[in-house]
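S.K.: Sharing a structure below in structure tokens format, with a few things to ask.
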Amino acid sequence: MEKRKLGNTDMEVTIVSFGGIPIITRDYELSVKTVRRAYELGINFYDTARAYNTSEEKIGDALKDVRDKVFYATKTHLRTKQEAERHIQESLRNLRTSYIDLYQIHSVDDINTLDRVMSKDGALPALEEAQRKGYIRYIGITGHRAEVLIEAINRYPFATIMSPLNFLEQSHAANLLPLCRERNIGFIVMKPFAGGSLVTGDKDVQALVGAKSSAEMAILSVKFALSFPGVSCVIPGLGNPQEVEEAVRAGEEFGALREEEKAVFEKLKSILIEPFCRGCGYCLPCPQNINIPSILRALLYAERFNLMERARNMYAQQEVKADACVECGVCEERCPYKLPIREMLKSARSIFLE
């Protein structure tokens, strides 16, 4: 698989690398096997986070004997210096390593948060101190909003940016990505599949848009994201060996999109108009224990894909239904896409009670 330089770092990373969210929910043995399979097939860059539960430990266990052949990236979602210092030490232990190649400040999606992490008692000074001590090599930042990330790199020479870029979310390509390219900042693409299994694993959805298989959708999504100048790599979330193999195949078959491939994305874009849930899970946990992404996925199947039987079955499987919502608004404060979640849950309640 092709490798690209990660900005101005000394890391050359595989264009398709490993996103560590899905292994959160998989058993330990399968997770370790999945990570190891990625290494066997040539992936050399592994992204995780303290917020990803046991993801760090699983990656550390899987790759402890080949640490010098891979690059580790992890993140802290906490905002103070003291909290970030604790997270760095936890990450070192979990990943079974004496240093971390890239440590990122996680999910900075508004200016107030940026101000907080960059203050003298914020997370950034903790990362700088750890860098001086040799615990981390490079400092990055992640987020969903281009204007916030542009402000971030205007204030500080971050080595990398991680942000979404896919067939539905291309706004970053107009301003943030060219700026990163100009300043030689590594651009790591998260969410290349724009909704995970929604567009890659459902045969009915694939049939609607003219795709033949989940493997084809993975290849097309990777080709799309990597086609933008300045992109260093994509990090799809990978949860089992089969997904790893499909992702690697996508990297190996990377090339320009043909017209018939572009047509698949145009069809999806015509269906997936805003607002819709990407399933990132940042809205959780809900104080009422509502599995918000699962319910909103059922709503999407009902409203956009017109797959009512599938949608009703998905909704029926939820232990806590949409009518448990007390409209506290906590989910909307957390949502990086600023979705009207309370109104969307009302729509789900209306549709599935009819």
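S.K.: So which residues in the stretch 15-45 are in contact with a Phe, Trp or Tyr (Cβ under 7 Å, 6 or more places away or on another chain), surrounded by fewer than 22 Cβ atoms within 10 Å (Cβ to Cβ) and either among the polar types (S, T, N, Q) or not assigned by TED's automatic domain parsing to the domain that holds K64 (or both), if there are any at all?
M.R.: Matches in the stretch 15-45: N44 only.
S.K.: Might you check whether a residue that is closer than 24 Å to Q89 by Cβ, of a type in the set (V, I, T), assigned to a loop (DSSP other than H, G, I, E, B) and in contact with a strand residue (DSSP E or B) (Cβ under 7 Å, 6 or more places away or on another chain) occurs anywhere in the stretch 64-71?
M.R.: Scanning the stretch 64-71 turns up at least one residue that is closer than 24 Å to Q89 by Cβ, of a type in the set (V, I, T), assigned to a loop (DSSP other than H, G, I, E, B) and in contact with a strand residue (DSSP E or B) (Cβ under 7 Å, 6 or more places away or on another chain).
S.K.: Find the helices (runs of 4 or more DSSP H) located wholly in the stretch 160-228 whose residues include 1 or more that are at pLDDT below 80 and among the polar types (S, T, N, Q), and list them. Outline the logic, then answer.
M.R.: Values: elements: 176-182, 197-200, 203-209, 214-226.
Counting at least 1 such residues, we get 197-200, 203-209, 214-226.
S.K.: Confirm whether E309 is surrounded by fewer than 18 Cβ atoms within 10 Å (Cβ to Cβ) and within 25 Å of L268 (Cβ to Cβ).
M.R.: Details: surrounded by fewer than 18 Cβ atoms within 10 Å (Cβ to Cβ): yes; within 25 Å of L268 (Cβ to Cβ): yes.
The answer is yes for E309.
S.K.: Can you pull out every residue in the stretch 234-285 that is among the β-branched types (V, I, T), modelled with pLDDT of 80 or more and in a helix (DSSP H, G or I)? So that I can check it myself, show each step before the final result.
M.R.: Our first condition is that a residue be among the β-branched types (V, I, T); within the stretch 234-285, this holds for 234-235, 244, 248, 264, 271, 273.
Now drop any that are not modelled with pLDDT of 80 or more, which leaves 234-235, 244, 248.
Once the filter is applied, which keeps residues that are among the β-branched types (V, I, T), modelled with pLDDT of 80 or more and in a helix (DSSP H, G or I), the stretch 234-285 yields V244, V248.
S.K.: What pairs can you find where one residue is in the stretch 6-30 and closer than 20 Å to R181 by Cβ, the other is of a type in the set (S, T, N, Q) and surrounded by fewer than 17 Cβ atoms within 10 Å (Cβ to Cβ), and their Cβ atoms are less than 8 Å apart, with a gap of 6+ or different chains?
M.R.: G7/N184; N8/N184
S.K.: Filter the stretch 85-109 for residues that are of a type in the set (A, V, I, L, M) and either in a strand (DSSP E or B) or more than 11 Å from R67 (Cβ to Cβ) (or both) and give the result. Outline the logic, then answer.
M.R.: First, the residues of the stretch 85-109 that are of a type in the set (A, V, I, L, M): 88, 92, 95, 100, 102, 105, 108.
Correct list: I88, L92, I100, L102, I105, V108.
S.K.: Can you tell me which residues in the stretch 95-122 are under 24 Å from V13 (Cα atoms), polar (S, T, N, Q) and free of Cβ contacts under 8 Å to residues at least 40 places away in the same chain?
M.R.: Matches in the stretch 95-122: T97, S98.
S.K.: Checking the conditions here, which among R349, R342, R297 is charged (D, E, K, R), surrounded by 18 or more Cβ atoms within 10 Å (Cβ to Cβ) and without any contact (Cβ under 8 Å) to a residue 40 or more places away in the chain? Step through it out loud before you land on a result.
M.R.: On the way: R342 fails: surrounded by 18 or more Cβ atoms within 10 Å (Cβ to Cβ); R297 fails: without any contact (Cβ under 8 Å) to a residue 40 or more places away in the chain.
Answer to the selection: R349.
S.K.: Right, here's the next one. Among the residues of the stretch 88-124, count how many are under 23 Å from H172 (Cα atoms), modelled with pLDDT of 95 or more and touching a Gly at 6+ places or on another chain (Cβ under 6 Å).
M.R.: So the count comes out to 3.
S.K.: Can Y337 be described as in a helix (DSSP H, G or I) and among the hydroxyl-bearing types (S, T, Y)?
M.R.: Values: in a helix (DSSP H, G or I): no; among the hydroxyl-bearing types (S, T, Y): yes.
No: the conditions fail for Y337.
The values are calculated or read from the model by the stated rules, or taken from the named source; none is laboratory data. Since the model is a prediction, treat every value here as computed from it, not as a measurement. Cβ sites come from the backbone with ideal geometry, for glycine too, and all protein chains shown count toward neighbours.
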